[in-house]
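A.B. asks: One structure coming up, written as structure tokens, with questions to follow.
What follows is calculated from the coordinates using simple rules that are stated; it is not laboratory data. Since we're looking at a predicted model, the values are computed, not measured. Glycine also receives a Cβ, built like all others from the backbone with ideal geometry; neighbour counts cover every protein chain displayed.
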Amino acid sequence: MPKRIVPLTDMKVLKAKSQEKQVTLFDGGGLFLLVTPSGGKLWRFKYRFDGKEKLLSLGTYPEISLADARQRRDEARRQIAHNIDPGAVRKAMKQAETAETETFEVIAREWHTKFTPTWTPGYVVTMLSRLERDIFPWIGTRPINEIKAPELLAVIRRVESRGALETAHRIRTIAGQVFRYAVATGRAERDCSGDLKGALPQPGEKHHAAITDPKEVAPLLRTIDGYQGHFVVKCALRLAPMFFVRPGELRNAEWEEVDLDEAAWSIPAHKMKMKQAHIVPLCSQAVEILKELQQLTGASKYVFPSGRSFARPMSNNAILAALRRMGYDKETMTGHGFRAMARTILDEVLQVRPDFIEHQLAHAVRDPNGRAYNRTAHLVERREMMQLWANYLDGLKRGAQVLPFTKTGFKPL
């Protein structure tokens, strides 16, 4: 004859004390209270299903009262009576709740937020825009661990169908970064974007339009000197060929980064594409222009503030619009083209050592041991190079001979 179980009372549950070992207080019908050595009181339901003994957690006391625990036990017993495993139901419900918090969009936004401090403001906006426009509408609500390569490819094909092949490749890259983040944080098993390698045709190589022939550079420089637009934009145009930095780096320059006494502009890592701090040696011509500009914009945070407000930098289209106004279309010259101009002429005409040029372009140059050079590498030589370059540009404007310096008595660096 089975042992009769005396049902628990509220008072008995309240006064239950912990001991060195776990204490089990049975209520009947499979329900019991487990009192742990640390004093915790846990409701448990013991049952058999499909010939196996199982255990279901019903909560903790006092959050779950005796009456609540009995109600949960009775619901579980009804499920068993209908041949339903209450433990399996609980597991399925948890998986459903987890899936809602582990969708592609939720994880992608978490990834975006985590890496925002390491990106430039413009890049932050661009990345989120691409996610919201080209990915979230199609797979944003899908549990990330269920997304397979064909489904991701369909998303990318939509972008490709707009004729934006290069953007389609970028979308694949962004999705891959999100998947790898999900794998690293234990919410996905693998990065399915890797299976799409070769699924898209490669875009044709794209170059920024640039004037690299010294005979054509000369009239461009003279046209810039004669520019009749906003003075701040004119200064930026005059400095762009001397600095040959990226357009975003130029327009976001801040006065606190510029040391006119030391003739150096130190760009912090977070503003650079390669996320490495960079130094631009200032030639004497650049220092003269900056001193003149400082009288106008010195009260602003930015060297080249917006024409409408000193609180924000010059528009990213300001230099491009100025070039168009001067008659240079997008197939001829761009703000980025000043980099190609300097790279080509410094190498082919002035015959400067390529590694000096690459350092000044802030490209990923490495030493013979494979280590990345720091920002001060070859700084003395680069300072000499920048002054030589500015002098050469001045010579072009004056109509000086544009043949290679090696033929006119100048010594290459």
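A.B. asks: Helix 231-243 versus the longest principal axis of the chain: what is the Cα-based angle in degrees, 0 to 90, to the nearest 10?
C.D. replies: 90
A.B. asks: Where the eigenvalues come from the Cα gyration tensor of region 214-407, what are the semi-axes √(5λ) of the equivalent ellipsoid, largest first, in whole Å?
C.D. replies: 25, 22, 15
A.B. asks: A follow-up question, please. Round to the nearest 10 and give me the degree value, 0 to 90, for the angle of helix 337-348's Cα axis relative to the longest principal axis of the chain.
C.D. replies: That helix lies at roughly 60 degrees to the long axis.
A.B. asks: By how many nm would the segment from residue 17 to residue 115 grow when fully extended, if each residue of separation counts as 0.36 nm and the alpha-carbon distance is taken off?
C.D. replies: 30.3 nm
A.B. asks: Across region 1-64, what fraction of all alpha-carbon pairs, as a whole percent, falls in each successive 5 Å bin from zero upward?
C.D. replies: Percent of Cα pairs in each bin: 4, 17, 25, 25, 17, 8, 3, 0.
A.B. asks: Now a separate question. Relative contact order of the chain, please, whole-number percent, based on alpha carbon pairs below 8 angstrom and at least 6 residues apart.
C.D. replies: Result for the chain is 11 percent.
A.B. asks: Who wins for biggest fluctuation among 220, 42, 250 in a Gaussian network model of the chain, springs between alpha carbons below 10 Å?
C.D. replies: Ranking 220, 42, 250 by mean-square fluctuation puts 42 first.
A.B. asks: What is the total of Lys pairs in region 214-407 with C-alpha atoms under 27 Å apart, excluding same-chain pairs fewer than 8 positions apart?
C.D. replies: 20
A.B. asks: What percent do you get for the relative contact order of region 62-195 when only Cα pairs under 8 Å and 6+ apart count?
C.D. replies: Result for region 62-195 is 21 percent.
A.B. asks: Pulled fully out, how much extra length does the chain show between residue 166 and residue 277, if you take 0.36 nm times their separation in residues and subtract their Cα-Cα distance?
C.D. replies: 37.1 nm
A.B. asks: Here is a follow-up. Can you put 341, 11 in order, fewest other beta carbons within 10 Å first?
C.D. replies: Final ranking by Cβ density, sparse to dense: 11, 341.
A.B. asks: Let me ask something else about it. Add -39500 (n - 2.57) for each DSSP H run of 4 or more in the chain, then divide by its residues: what number comes out at 222 nm, to the nearest 500 deg cm²/dmol?
C.D. replies: Helix-only estimate at 222 nm: -14000 deg cm²/dmol.
A.B. asks: Using 1/(1 + (r/R0)^6) with R0 = 41 angstrom and r between the beta carbons of residue 138 and residue 330, what's the FRET efficiency to the nearest 0.05?
C.D. replies: E(calc), rounded to 0.05, equals 0.80.
A.B. asks: Any idea what the relative contact order of region 10-98 is, in percent, if you count C-alpha pairs under 8 Å spaced at least 6 apart?
C.D. replies: With pairs under 8 Å counted, the relative contact order is 18 percent.
A.B. asks: Cα to Cα, under 14 Å, and not fewer than 8 places away if on the same chain: which aspartates and glutamates meet these conditions relative to residue 46?
C.D. replies: Reachable aspartates and glutamates: 27, 74, 75, 85.
A.B. asks: Continuing with this model, one more query. Could you work out how far helix 104-115 tilts from the main Cα principal axis of the chain, as a 0 to 90 degree angle to the nearest 10?
C.D. replies: Long axis of 104-115 versus the principal axis of the chain: about 50 degrees.
A.B. asks: Another question about this same structure. What are the trypsin sites (Lys or Arg not before Pro) within region 310-356 that DSSP puts in a loop, where the Cβ has at most 13 other Cβ atoms within 10 Å?
C.D. replies: Here the trypsin sites (Lys or Arg not before Pro) that fit, given the DSSP loop and packing criteria, are 330.
A.B. asks: What's the exposure ranking of 230, 82, going from fewest to most Cβ atoms within 10 Å?
C.D. replies: Listed from fewest to most nearby Cβ atoms, that is 82, 230.
A.B. asks: Separate question: So between residue 74 and residue 215, what do we pick up on full extension, going 0.36 nm a residue minus the alpha carbon distance?
C.D. replies: 41.6 nm
A.B. asks: Working from the pairwise distances between different alpha carbons, so that the mean of 1/r is found and then inverted, what is the chain's Kirkwood radius in Å?
C.D. replies: It is 27.4 Å.
A.B. asks: For a test of the definition: using alpha carbon positions, the gyration tensor, and the 1.5 limit on a/c, classify region 104-196 as rounded, prolate or oblate.
C.D. replies: Oblate shape, in that a/c is at least 1.5 and b/c is the bigger or equal ratio.
A.B. asks: When the chain is modelled as a GNM with alpha-carbon springs shorter than 10 Å, which of 38, 300, 315 fluctuates the most?
C.D. replies: In the Gaussian network model the winner is 38.
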